[in-house]
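**Student:** Got a structure here, written out as structure tokens. Questions coming.
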Amino acid sequence: MDVMQPRTKKGPLWANEAKESHPVLPATDPPETDVIPEGPDDNEAISDLEWMRRRMKSVSDASPDKVFEQSDDEHEDVDHSAVPDEPKDPAKDTIMQTSRLFLRNLAFSCTEAELMEQFQPFGEVAQVHIPVDSLSKQSKGLAYVTFKQPTSALSAYETLDKKSFQGRLLHIIPAVDRKGKFEVEDGEGKKKSLKDERNSRRKATAGREFNWSMLYMNSDAVASSIADRMGIAKADILNPESDNAAVKLALAETHVIQETKSYLESQGVVLSSFSSRARSDTTILVKNIPYGTTAEQIREIFEVHGELSRVVVPPAGTMAVVEFVHADEAAKAFRAVAYRRLGNSVIYLERGPMGMFQETDGGADENSRTVTSTAVKPVTIAEQEGGSGVGEDEPALSAGTTLFVKNLAFSTTVERLTQVFRNLPGFSFARVQTKPDPKRPAVPGAEPPRLSMGYGFVGFKTGEDAKKGMKGMQGFVLDGHALHVKFAGRGTEDEPK
């Protein structure tokens, strides 16, 4: 082309510029300096790394929405196929942990026995508790039911909740487990010794174990009881130099146990009930108490926790039976008194058997029943002076020389009362007031059986001797009962203030 010719030729320089005013350029050839080709040029000399870079860039530009993802097909399949868990019911979870139900909207006349009958079909019931008002002693319309197995409690909850019971719509909700709630010791931040920790555990688990027999007695108390009633020293029974000391103590324990059984039976206790595994919610056996413990002492220990219906202390004074009116008060007293120290002993408690006391119809046994039930209050025993006493050959009662002795044990005999008072100066006679035994009819040809009325009379030769005897024997423990002594009503002397 002329335009590309060298300028060595002669001629005007403007000739080339005139030809350039109408250039002929291909329409498809863009300037190489302005456009970067999208694809690699096969004729262009580039390195392998640059070629790979361009190749990857072109692929990524062709599919901008596609990104690289790492996935695990097996896990994805499991996640998509899994069924979502159903929401858990916190009420059922609580029941499965505690096995305890809280009942509301109960009839105020509903009893624990009726609730037991209602819930027993679902499984073994461990406890039924109906709280009562502390003042009116009436039910609050609430109750707690504890099962042995959580599945039984859950079944009862699902079946009886919002169902009619005794004309009311029963409302059941889970109850929190109260185990371990009650503090055994004060715990003022002090480090407990091993002995204290052991006692704390024993007190916290009181009532769950039965480590003793029903009529367990302290051996020392048994020896003291036998020695006192036989008028000998306790060392004569527990003489270490004797080769049969253990035999003597075993015989003494057997004698005291048999005597205790006879006394309990005379107070309306059904001895056959001791073989039953069912336990009463209101009766407590008090064991391991020291000899000489009186019914008044037992009453003072337990009455602060609730209303008592009876307290029975056998003649040996080595154990006692306490019965409460309300079951919740008995449970509170059980927790508070268990392993409490009394004198030089530690009190052991055990729930009495179900049906321990027989029901009486009243009548001839009503007086005896009243004394038994009110044995916790010796002052309620009638202070009678007449009656059919024994010993018509005794001296006549002289004014100011006769003492009235009450709170006698029902097993105390005339011989036993005489043995205690005969060493006093001026002693004249002793008499225990009795009455016919309505349970044992008289046998022809034999003396009719009689029962002690819990009081008696002691005569002296002079009024001064009677005064000394009253002062010396006031509060004396005889057969487990503290004597209350004062001048008889026929005397002219007043009781000293």
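Where a number appears in this text, it was derived from the coordinates with a stated rule and is not lab data. Not measured: the values here are computed from a predicted model. When we count neighbours, we look across all protein chains shown, and the Cβ atoms used for this are built from the backbone with ideal geometry, even at glycine.
**Student:** If you take the square roots of the eigenvalues of the alpha-carbon gyration tensor of segment 219-353 and sort them as a ≥ b ≥ c, do you get rounded (a/c under 1.5), prolate (a/b over b/c) or oblate?
**Tutor:** Here segment 219-353 falls in the prolate category.
**Student:** Let me ask something else. Counting Lys +1, Arg +1, Asp -1, Glu -1, what net charge surrounds Ser345 among other residues with beta carbon under 14 Å of its beta carbon?
**Tutor:** Net charge in that neighbourhood comes out at +2.
**Student:** Sticking with this structure for a sec: With the cut-off at 1.5 for a/c, could you classify segment 107-180 from its C-alpha gyration tensor as rounded, prolate or oblate?
**Tutor:** oblate
**Student:** Further question: Need the full-extension length gain, Arg168 to Leu49, defined as separation in residues times 0.36 nm minus the C-alpha distance. One decimal, nm.
**Tutor:** Between Arg168 and Leu49, full extension yields an extra 34.0 nm.
**Student:** What residues have an amide H closer than 5 Å to that of Leu451, excluding those fewer than 5 places away on the same chain, when H is modeled at 1.01 Å from N in the peptide plane?
**Tutor:** For Leu451, the qualifying residues are Lys435, Asp437.
**Student:** Please give, to one decimal in nm, the separation of the simple spin-label points placed at Tyr339 and Gln97, each 7 Å out from Cα toward the Cβ.
**Tutor:** Modelled inter-label distance: 2.7 nm.
**Student:** Each residue of segment 268-284 in order: what ³J(HN,Hα) in whole Hz does its phi give by Karplus 6.51 cos²θ - 1.76 cosθ + 1.60, θ = phi - 60°, with x for Gly and Pro?
**Tutor:** Each residue's phi maps through the Karplus curve to give x, 8, 8, 5, 5, 6, 5, 8, 7, 8, 5, 10, 7, 8, 10, 9, 10 Hz.
**Student:** Here's another thing I want to ask about it. I want to check the label-to-label distance for Arg104 and Glu464. Put each point 7 Å from Cα in the C-beta direction and report it in nm to one decimal.
**Tutor:** 7.8
**Student:** Here is a follow-up. How much net charge surrounds Gly141 when only other residues with a Cβ under 10 Å from its Cβ are counted (Lys, Arg +1; Asp, Glu -1)?
**Tutor:** +3
**Student:** Of the listed pairs Lys140/Lys162; Lys140/Lys163; Lys461/Lys486; Lys287/Lys486; Lys92/Lys162; Lys261/Lys486, which have alpha-carbon separations greater than 22 Å here?
**Tutor:** Lys287/Lys486; Lys261/Lys486
**Student:** What distance in nm separates the simple spin-label points at Asp89 and Val325, each placed 7 Å from Cα in the Cβ direction?
**Tutor:** Simple spin-label model gives 4.1 nm for this pair.
**Student:** Test of understanding: what is the full-extension gain from Glu307 to Ser58, defined as 0.36 nm times their sequence separation minus their Cα-Cα distance?
**Tutor:** Additional length available on full extension: 79.9 nm.
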